[in-house]
Amino acid sequence: MGHNSASIQLVLLILLSGILHLETIKLGFCSAADHNVKCMDIERKALLKLKQGLTDPSDRLSSWVGEDCCKWSGVGCNNITGRVNRLDLRNRHKIGGLDGDGAAGNAFGFGGEINPSLLVLKDLVYLDLSMNNFGGVQLPSFIGSLEKLTYLNLSGASFGGTIAPNLGNLSRLLYLDLSNYLFEPVENDLHWLRLATFSSLKYLNLEGVDLSKAASYWLPTVNMLPSLVELHLPFCRLSILPLTLPSINFTSLLVLDLSGNGFNSTIPPWMFNLTELVHLHLKSNNLHGELTETFGSLTSLQTLDLSENSDIGGQLPRNLGRLCSLQTLRLSINKITGEITNFIDTLSACTNSRLETLNLGYNRLTGKLPDSLGYLKSLRYLTLWDNSFHGSIPKSIGNLTSLEEFYLARNQMSGIIPESLGQLSSLVALDISENTWEGFITGAHLAKLRGLKDVSIEKASSNISLVFDIPSDWIPPFKLRYLNIRSCQLGPKFPTWLRNQTELTIVVLNNALISDTIPDWFSQLDLQLSKLDVAYNQLSGRVPNSLRFSNSSTVDLSSNRFEGPLPLWSSNITMLYLRDNMFSGPIPHNIGEVMPFLSDLDISRNSLSGRIPLSLTNMSQLTTMVISNNHLSGQIPHFWNKIPLLYIVDVSNNSLSGSIPRSLGSLTLLNFLILSSNNFSGEVPSLRNCTDMKSLDLSDNKFSGPIPASIGENMLSLLILSLRLNSFTGNIPSQLCGLSNLHILDLSHNNLSGKIPQCIGNLSGFKSELTDKDTSSYQGKLEVVSKGRVLVYDSILYLVNSVDLSDNNLSGEMPVGLTRLLMLGTLNLSMNHLTGNIPEKIGNLERIETLDLSTNKLSGSIPQSMVSLTFLNHLNLSYNNLSGRIPTGNQFQTLVDLSIYEGNTALCGYPLPSCQDDSGEAPQVPSGEAPQVPSGEAPQVPSGDGEDDDESEFKRLGFIISIVIGFIVGFWGVCGTLVIKKSWRYAYFHFLDKVKDALLRFVTSIGTFLHKSS
């Protein structure tokens, strides 16, 4: 009985307030024109004065002429007295399907001032000025003198100032809507409402009004409104949600909307005493705690929206199944856990369930979707994405014939997609992407989906196990707008069932095993595409230039076999990815004129040649320019100050030359500058304005001069600094020690001199791991020397922690501060002139995997602390002056390569010959190891006759001579290449060192043989 009376009350409210905005609803009054009753002359003149004070850009008041004002648009009169009782001046100009939506809609609204002549309308009960644009004009205080008003709507009217206090005089109001009525946000209080006598007020909407001043008393204030049926206070900055309320006066409340206020509390108990509630909206707050079973007491509830609170957790309450009137349930973007099965079973237990919207997305729910899901036959919107559901889609899904939207993306679903999915004849949007589907999709899965518009099916990995088995002559019953298929097999032919899809705006056929050309019929569909993505296929041939694109469109043809010149399309494209194809020829000289609105350009890994075109200056919105791995030549143009928004510049692996333009330093937003593997020369210009730089890679060029100290002074966000394989001179600037975020420092293969700065231990980026926040926008690709070889890192580059100062002229001792870089994975100081001991605390580098100190002048013993380096798998201490016993235990038992220690004549111990201890006895070889020859003892040579020895010597001589000849031929065969390619020279450095020692031994052997022969 209570529920019925509440529903009747809500219907009466709608009728009285004109919520539906139908012209036929007149608050019980008819137009005076129906009974030939004309309006009063004094009121007609008052309306004309009102018109005179308004600006009317769309000429909406053109009908306000003639003697009978009751016939004027928006004016209603009493059919007996002829007095004006209704004034509806709402701006209904539709933008995007919404009444007066946004600035464009308000541009057609009234402006100017409200003339006081409005007070002449003594019988006015209905006033609607909503969705107009009064440009910040103060709401006239005389509005509070229109004592008979029962309906007042000022929403979205762009008035200024605070809410007029005398609105509290309108004691007869039934409906008051001040939502978003302010031109600019202004702090308001609710004193006008506390002083009012709104004993009849049924509808109050203050959405978007800043009520932060009233945060402590808003609830007692609105609780004084005994007749209130609807209360809307979303996004009012209230912040405080009281947990207690001594007594509840607004017991007739049917709608309560407190969304977006930032409440930091649990759900208060008093809400569960509002037993008449039909709609409860608490989304977008900071509510926390577990979902309570008490919701089951709100048996009249039709809408429950607790989404976007983030901290509401706990299990799904089973007693929500008692809410058989529930039509909308939104619990998305929280921390709700538990199995889904029992919850769905409980919801579906209601006879004739009325549930239309179920949104549980972005939680931590688990389990399988039960067959009982098919009993919720009224469902229209089912959103379950971003959870941890597993298993397959139940076959009972086909029973949901009213379902319009089905979102299941980003779970752990697997198995075969049931054919019953094809029974959802009302389905408009389907997203089951980023799960692990397998099997086939046939025409039976799609046969009855007549209303389908949006489809997204993609695998969670690039491994393809879902195959579209659709005949080439199959004609779909639907007309798609959005098609997203990734990591599913559509090929080898381009899908012919797209022939009749003439309404497509987004086409994504990514990693679909298509080995074909783009057919002519596809371009003849005359589509206006906002996105075309056919990347990671084997498409070949030339790309049609006839494709058409809408505004702000994206084109991704990456990783195919397209050839010919770079295609050019309309100026509407903003993102263009053509990397990793076979495009050739120059970059079109007019590319910047044809596509001036590009924000992202990636044409890397092709065969493009020629110079960088000057027309790129027209791309003033460009943020990403990646043209690496081509055959581009010439100098970099001096145009960078005309492309101020650049975020990434990558021109690596080309044949570009000359100096770096100083205008590059004007790019204040630049984060990634990658110029590696070119022929750039000269000194590096000042980049002090590039304060947001995260990666600076100038490696493998011919740069000279000192390393700019400004790098350490201004680029404080730098994560990567790679200057390897250049000709930089001078000292390492101590300013680099201020780069607290640095995790890759590579200054190897230069001509740097002096000492390693003692402050290197201040590089705190090597002391802690990068967090998700640090890597959220991280990107890039870099060559790093690790584990004795050059490795290329990209997706896991943020995990690499490396310091490489090798092949310079550095001197002095190893700084003790190096041992404080606890997260360091690679430390390479080889091929320098370092002296002194290895720091005793080097064992603190607990994450070190690669340690190369070879070819220096280090002395003393190997620190015993190195035994604790359990991650160490590549060690090189060769060609120093180290002495004493090699430590044993842990990783050192696996480092058995003799070359690790060669060139240190005073070292001994496993795996070298054993050390002579004080007693003159050789220590025991560790268990499982081959016995070693004790130091100072000659190895035993097997006895034999002289003839055998001579034959052996001849064989040895022939072997030696053949190696020498082979070495000479091979050396000069590659010598020319080594002169040109610096990276090849580096690869041979270590090899030549070893060959030098081998040659010495060969020469000695030959001399011995000749001496014996003579």
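The values are calculated or read from the model by the stated rules, or taken from the named source; none is laboratory data. Since the model is a prediction, treat every value here as computed from it, not as a measurement. With ideal geometry, Cβ positions are generated from the backbone for all residues, glycine too; neighbour counts draw on all protein chains shown.
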Next item on the list: Residues that are among the hydroxyl-bearing types (Ser, Thr, Tyr): find the strands (runs of 3 or more DSSP E) completely inside region 478-558 holding 3 or more of those.
Entry: 549-556
Notebook entry, point to check: Somewhere in region 235-254, is a residue buried (at least 17 other Cβ atoms within 10 Å of the Cβ) and not in a loop (DSSP other than H, G, I, E, B)?
Noted result: no
Check: How many residues are touching a His at 6+ places or on another chain (Cβ under 6 Å) and over 25 Å from residue 462 (Cβ atoms) when one looks only at region 407-438?
Finding: 2
Notebook entry, point to check: Looking at 144, 156, which is the one that is within 24 Å of residue 202 (Cα to Cα) and free of Cβ contacts under 8 Å to residues at least 40 places away in the same chain?
Noted result: 144
Note to self: Given (1) in the same structural domain as residue 454 (by TED's automatic domain parsing); (2) over 19 Å from residue 457 (Cβ atoms); (3) hydroxyl-bearing (Ser, Thr, Tyr), identify the lone condition not met by residue 523.
What the structure shows: (1)
Notebook entry, point to check: If you scan region 570-587, which residues turn out to be farther than 10 Å from residue 603 by Cα and hydroxyl-bearing (Ser, Thr, Tyr)?
Noted result: 570, 571, 574, 584
Next item on the list: From the list 277, 282, 253, pick out the single residue that is under 24 Å from residue 346 (Cα atoms) and out of contact with any Phe, Trp or Tyr (no Cβ under 9 Å at 6 or more places or on another chain).
Entry: 277
Check: Just to be sure, is residue 432 under 26 Å from the mean Cα position of the chain (by Cα), β-branched (Val, Ile, Thr) and either surrounded by fewer than 16 Cβ atoms within 10 Å (Cβ to Cβ) or closer than 23 Å to residue 480 by Cα (or both)?
Finding: yes
Check: Looking at (1) at pLDDT below 95; (2) under 18 Å from residue 736 (Cβ atoms); (3) not hydrophobic (A, V, I, L, M, F, W, C), can you tell me which one residue 662 breaks?
Finding: (2)
Check: In the set 595, 582, which member is within 30 Å of residue 679 (Cβ to Cβ), buried (at least 17 other Cβ atoms within 10 Å of the Cβ) and not polar (S, T, N, Q)?
Finding: 595
Check: If you take the residues in region 813-854 that are crowded, with 22+ Cβ neighbours inside 10 Å and of a type in the set (S, T, N, Q), which one is farthest from residue 790 (Cα to Cα)?
Finding: 832
Margin query: Looking at 793, 798, can you tell me which residue is touching a helix residue (DSSP H, G or I) at 6+ places or on another chain (Cβ under 7 Å) and at pLDDT below 90?
Written below: 798
Margin query: Can you report the number of residues in region 435-452 which are assigned to a loop (DSSP other than H, G, I, E, B) and crowded, with 18+ Cβ neighbours inside 10 Å?
Written below: 4
Item checked: Qualifying residue in region 353-364 (condition: over 19 Å from residue 403 (Cβ atoms) and in contact with a strand residue (DSSP E or B) (Cβ under 6 Å, 6 or more places away or on another chain)) -> yes
Checklist line | Failed item, numbered, when residue 786 is tested on (1) within 13 Å of residue 746 (Cα to Cα); (2) modelled with pLDDT of 90 or more; (3) touching a Gly at 6+ places or on another chain (Cβ under 8 Å) | finding: (2)
Next item on the list: Filter region 560-573 down to the residues that are assigned to a loop (DSSP other than H, G, I, E, B) and crowded, with 20+ Cβ neighbours inside 10 Å, then identify the one that is farthest from the chain's Cα centre (by Cα).
Entry: 569
Next item on the list: Could you tell me which residue of region 359-397 is surrounded by the most Cβ atoms within 10 Å (Cβ to Cβ), considering only residues that are over 23 Å from the mean Cα position of the chain (by Cα) and closer than 18 Å to residue 453 by Cα?
Entry: 382
Notebook entry, point to check: Of the residues that make up region 134-145, is at least one in a loop (DSSP other than H, G, I, E, B) and surrounded by 23 or more Cβ atoms within 10 Å (Cβ to Cβ)?
Noted result: yes
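The rows are residues; the columns are (1) in a loop (DSSP other than H, G, I, E, B); (2) free of Cβ contacts under 8 Å to residues at least 12 places away in the same chain; (3) closer than 16 Å to residue 806 by Cα; (4) over 26 Å from the mean Cα position of the chain (by Cα).
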residue	(1), (2), (3), (4)
665	no, no, no, yes
676	yes, no, no, yes
700	yes, no, yes, yes
703	no, no, no, yes
742	yes, no, no, no
753	no, no, yes, yes
Note to self: I'm trying to understand the selection: among the residues of region 705-724, which are part of a loop (DSSP other than H, G, I, E, B) and either without any contact (Cβ under 8 Å) to a residue 40 or more places away in the chain or surrounded by fewer than 21 Cβ atoms within 10 Å (Cβ to Cβ) (or both)?
What the structure shows: 708, 709, 715, 716, 717, 718, 723
Notebook entry, point to check: In region 645-659, what residues are part of a loop (DSSP other than H, G, I, E, B) and exposed (fewer than 15 other Cβ atoms within 10 Å of the Cβ)?
Noted result: 659
Checklist line | Selection within region 516-527 - exposed (fewer than 15 other Cβ atoms within 10 Å of the Cβ) and in contact with a Lys or Arg (Cβ under 8 Å, 6 or more places away or on another chain) | finding: 521, 526
Checklist line | Meets criteria (free of Cβ contacts under 8 Å to residues at least 40 places away in the same chain, surrounded by fewer than 23 Cβ atoms within 10 Å (Cβ to Cβ) and under 38 Å from the mean Cα position of the chain (by Cα)) for residue 185 | finding: yes
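Listed here are the residues, each with its yes/no results for (1) modelled with pLDDT of 90 or more; (2) in contact with a Lys or Arg (Cβ under 8 Å, 6 or more places away or on another chain); (3) of a type outside the set (A, V, I, L, M, F, W, C).
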site	(1), (2), (3)
840	yes, no, yes
858	yes, no, no
882	yes, no, no
886	yes, no, no
895	no, no, no
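Listed here are the residues, each with its yes/no results for (1) touching a residue at least 60 places away in the same chain (Cβ under 8 Å); (2) part of a strand (DSSP E or B); (3) within 40 Å of the chain's Cα centre (by Cα).
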{"site": "848", "(1), (2), (3)": "no, no, yes"}
{"site": "871", "(1), (2), (3)": "no, no, yes"}
{"site": "884", "(1), (2), (3)": "no, yes, no"}
{"site": "887", "(1), (2), (3)": "no, no, no"}
{"site": "907", "(1), (2), (3)": "no, yes, no"}
Next item on the list: May I ask you to list pairs of residues, at least six apart or on different chains, whose Cβ atoms are under 9 Å apart, with the first in region 484-505 being farther than 14 Å from residue 535 by Cβ and assigned by TED's automatic domain parsing to the domain that holds residue 453 and the second being in a loop (DSSP other than H, G, I, E, B) and among the aromatic types (Phe, Trp, Tyr)?
Entry: 496/474; 497/474; 501/478
